[in-house]
1. Check off (1) out of contact with any helix residue (DSSP H, G or I) (no Cβ under 7 Å at 6 or more places or on another chain); (2) over 30 Å from THR109 (Cα atoms); (3) charged (D, E, K, R); (4) modelled with pLDDT of 95 or more for GLU195 and give me the number that stays unchecked.
2. Quick one: MET25 ticks every box in (1) modelled with pLDDT of 85 or more; (2) on the phi > 0 side of the Ramachandran plot except a single one, so which number is it?
3. Quick check on the range 23-47: of everything there that is outside any loop (DSSP other than H, G, I, E, B) and without any contact (Cβ under 8 Å) to a residue 24 or more places away in the chain, which residue is nearest to the chain's Cα centre (by Cα)?
4. Select from the range 148-166 the residues that are buried (at least 17 other Cβ atoms within 10 Å of the Cβ) and touching a residue at least 24 places away in the same chain (Cβ under 8 Å) and write down the one among them that is nearest to ASN18 (Cα to Cα).
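The values are calculated or read from the model by the stated rules, or taken from the named source; none is laboratory data. Since the model is a prediction, treat every value here as computed from it, not as a measurement. Every residue, glycine among them, receives a Cβ derived from its backbone with ideal geometry; neighbour counts consider all protein chains shown.
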Amino acid sequence: MRVVLASQNCHKLEEIQNILSRFDMELVLQSELGVRVDVEETGSSFEENSVLKAKAVMEATGLPAIADDSGLCVDALEGAPGIYSARYGAPDCVSDRDRLEYLLNNLRTIRSEERTARFLCVITLAYPDGRILTARGSCEGLITLEPRGTEGFGYDPVFYIPSQGCTFAQMGQQQKNAISHRANALKRLCQMLEESR
């Protein structure tokens with residue numbers, strides 16, 4: 001079965017394809033089909049935004065579509081940046097580095113042990129027949145006082161996993177993919193696909 005990924009990200013395609021391969025799904029980027037769908041993320045939750053994106057791409061292509069919405073939620077900031085992770089600090093923050101520095105500045109008075117946070121990811125698989133599967137995954141951690149590591153992107157250099165003894169940006173891709181919020185959401189989606197067989 002051909003499934004469209006509502007993304008332009010080849011790395012995300014590879015990660016998701018590896019996990020879903022046992023379900024006989026051929027995952028393709030929407031750009032490979034000549035489709036460009038820019039969905040305005042007007043939802044008030046990761047779930048709503050994930051469903052909006054999956055349904056829009058499914059309707060544009062006529063094929064089942066997978067979309068995800070993810071972000072960083074910091075307890076001391078009442079869950080911010082949350083669904084606004086990619087736009088945090090806008091319009092002044094225009095790059096990953098800007099957003100990371102803005103986050104650290106907002107946490108400057110918060111002690112290390114109180115800098116608890118989690119990455120959340122919601123993945124939606126929308127079918128043309130109206131079926132929608134939505135799976136949520138998370139990864140718990142702490143926000144460091146300063147960036148560490150050079151791998152990954154976004155908030156990875158300040159997201160520390162105590163059980164691993166390093167930040168996401170200090171991990172290899174394979175290690176990160178085994179424990180990440182997206183990996184956990186995909187594992188849950190796999191369970192749902194198994195149950196619906």
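1. Result: GLU195 fails condition (4) only.
2. (2)
3. Here is the first cut: in the range 23-47, the residues outside any loop (DSSP other than H, G, I, E, B) are 23, 26-33, 46-47.
Next, only the ones that are without any contact (Cβ under 8 Å) to a residue 24 or more places away in the chain stay: 31-32.
Numbers: SER31: 19, GLU32: 21 Å.
Selected residue: SER31.
4. Looking at residues that are buried (at least 17 other Cβ atoms within 10 Å of the Cβ) and touching a residue at least 24 places away in the same chain (Cβ under 8 Å), I get GLY152.
Residue-wise test of (1) closer than 16 Å to PHE159 by Cα; (2) among the small types (Gly, Ala, Ser).
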site	(1), (2)
GLU32	no, no
VAL35	no, no
GLU59	no, no
ALA65	no, yes
GLY71	yes, yes
ALA76	yes, yes
CYS93	no, no
ARG97	yes, no
